[in-house]
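Visitor: Below is a structure I'd like to ask you about.
Every number here is computed from the coordinates shown, using simple stated rules; none is lab data. Please read these numbers as outputs of a predicted model, since none were measured by experiment. Don't worry about glycine lacking a Cβ; one is built from the backbone with ideal geometry, like all the others, and counts go over all protein chains shown.
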């Protein structure tokens, strides 16, 4: 029997909520596919993404793991990442949305470009991830 697969977005650093969720699920027998976006971390001055170290930490629990890098502002990315997880580790059983585009500005100095990116990542990508996951789920059921 295969283990259930959790698809977790926004797991780019070992000190975040997504990291804690991934480790908890892995300790309970879930395989983990996760997304990260090193360009975002670099833009915010958070340092390089530590996807390799995070993957090794999850793998040490005995679970399978797949790290996927992608910009969720791109409308093609959610479906591509979910399809890759599905093809590599099997059907996704749980979708955990922990990604976020942080806008570090006030309402008076937020640019339209920043607002659009914020909306694309935090709202549109969530909707696209849900619809892609549901579509893949229908395809993988007998």
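Visitor: How much length would be gained if the chain were fully extended between residue 15 and residue 74, taking 0.36 nm per residue of separation minus their Cα-Cα distance, in nm to one decimal?
Guide: On the way: separation 59, 0.36 × 59 = 21.24 nm, distance 2.56 nm.
Residue separation times 0.36 nm, minus the Cα-Cα distance, leaves 18.7 nm.
Visitor: Enter the angle in degrees (range 0 to 90, nearest 10) between the Cα long axis of helix 125-140 and the first principal axis of the Cα atoms of the chain, meaning the one along which they spread out most.
Guide: 20
Visitor: Along each of its three principal axes, how wide is the spread of alpha-carbon positions in the stretch 1-83, in whole angstrom units, largest first?
Guide: On the principal axes, the stretch 1-83 reaches 39, 27, 18 Å in Cα extent.
Visitor: If I fit a long axis through the Cα atoms of helix 77-89 and take the longest principal axis of the Cα atoms of the chain, what angle between them do I get, 0 to 90°, rounded to 10?
Guide: 20
Visitor: Quick one: length gained pulling residue 60 to residue 107 fully straight, 0.36 nm per residue minus the C-alpha distance? Before the final figure, lay out each step's value.
Guide: On the way: separation 47, 0.36 × 47 = 16.92 nm, distance 4.41 nm.
Answer, rounded to one decimal: 12.5 nm.
Visitor: Then there is this: What is the antiparallel percent of DSSP beta bridges lying wholly in the stretch 5-140, to the nearest 5?
Guide: Working: 0 of 12 bridges.
That works out to approximately 0 percent antiparallel.
Visitor: With 10 Å bins from zero, work out the P(r) of the stretch 5-140 over every alpha carbon pair and list the percent per bin.
Guide: Percent of pairs per bin, in order: 13, 43, 33, 10, 2.
Visitor: Give me 118, 130, 52 ranked fewest to most by other Cβ atoms within 10 Å of their Cβ, as a rough exposure proxy. Numbers along the way, then the final one.
Guide: Numbers: 118 17, 130 13, 52 10.
Taking fewest neighbouring Cβ atoms as first place, the list is 52, 130, 118.
Visitor: Let me ask you something else. Ignoring everything except DSSP H segments at least 4 long, calculate the 222 nm mean residue ellipticity for the chain; use -39,500 (n - 2.57) per segment, divide by total residues, nearest 500.
Guide: Per the formula, -13000 deg cm²/dmol.
Visitor: Listed highest first by mean packing, meaning other Cβ atoms within 10 Å per residue, what order do 81-89, 33-41 come in? Display every interim value, and only then the final one.
Guide: Numbers: 81-89: 17.9, 33-41: 21.1.
Answer by packing, highest mean first, reads 33-41, 81-89.
Visitor: How long is the gain from residue 94 to residue 52 if the chain were fully straight, where each residue apart is worth 0.36 nm and the alpha carbon distance is subtracted?
Guide: Values: separation 42, 0.36 × 42 = 15.12 nm, distance 2.24 nm.
Full extension of this stretch gives 12.9 nm more.
Visitor: Only residues of the stretch 58-95 count here: report those whose backbone N is under 17 Å from the spot 7 Å along Cα→Cβ of residue 27, or say none.
Guide: 58-64
Visitor: Can I ask one more? Against the longest principal axis of the chain, how steep is helix 17-27, in degrees 0 to 90 to the nearest 10, with axes from Cα atoms?
Guide: In the chain, helix 17-27 runs at an angle near 0 degrees to the longest axis.
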